[in-house]
1. Give a quick list of trypsin sites (Lys or Arg not before Pro) in the range 76-172 that DSSP marks as loop, anything other than H, G, I, E or B, with at most 12 other Cβ atoms within 10 Å.
2. Lys92 to Tyr36: extension gain in nm, 0.36 nm per residue of separation minus the Cα-Cα distance?
3. Just name one of Ile41, His154, Met125: the one whose Cα is farthest towards the positive end of the charge dipole of the range 38-167 (beta-carbon charges, Lys/Arg +1, Asp/Glu -1).
4. Among the GluC sites (Glu not before Pro) in the range 110-148, which ones are in a DSSP loop with at most 14 other Cβ atoms within 10 Å of the Cβ? Mind listing them?
5. If R0 is 22 Å, what FRET efficiency do you get for Ser111 and Ile143 from their C-beta distance, rounded to 0.05?
6. For a label point 7 Å from the Cα of Glu158 along Cα→C-beta, name the residues of the range 39-63 whose backbone N is under 17 Å from it.
7. In terms of Cα to Cα distance under 17 Å, which aspartates and glutamates are near enough to Lys165, apart from those fewer than 8 places away along the same chain?
Amino acid sequence: MSKHRLVVVLLQNNQLSKIWAGINTGPLLNLFKMEYVGDLILLRGLPGSGKSTLGEVILKTHGLNNTNYVLSADDFFIDEKGNYNFDPTKLKEAHNSCQLKCAERMKLQLSKIVIANTFTQEWEMVPYFEMAERYHYRVHTIIVENRHGNKNIHGVPEDKLQIMKDRFNIEL
């Protein structure tokens, strides 16, 4: 007589729906369940497109405008008086700071986290995808277009905007 048992597993809608063979299914059910702590919303677009404004609308719609605010690498360049002082030599540091703040919010298990950065290329979002996986957040990427003709408030020159437009990667 064989000591092997037949186990049949049905996986439907990312959930384990049935196991046959008389074994304890608790650990397996936990392994296959897809439960999210919250939503990570990455707003992508060129400067002046309205990413931060849309982020504020999203948070306000969910009643989170008092406890949560839109994160951005640009925040790093705003001084205590509210002046924007961009320093391209500190761009990496600014993005690291934004990622750190995002991770802190995930550790607090905030239900909605909004990041408003240009994210012109896929690799720029990868650290956020990895954090979302680690902390069990569902990711949404939204491209914000400048259909309203807004000017960017950070004074990004037209030639730099064109470079960003040219490298903007969209994965459909």
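1. Qualifying residues, ordered by number: Lys81, Arg147, Lys151.
2. Extra length available between Lys92 and Tyr36 comes to 17.2 nm.
3. Farthest along the dipole direction, towards plus: Ile41.
4. Glu145
5. It comes to 0.45.
6. In the range 39-63, the label zone of Glu158 (backbone N under 17 Å from the point 7 Å along Cα→Cβ) covers 47-48.
7. Cross-link targets: Glu122, Glu124, Glu145.
None of the figures in this text is laboratory data; all of them are computed from the coordinates on show. Everything quoted here is computed from the prediction, not taken from an experiment. Here Cβ is always computed from backbone atoms with ideal geometry, including for glycine, and neighbour counts include all displayed protein chains.
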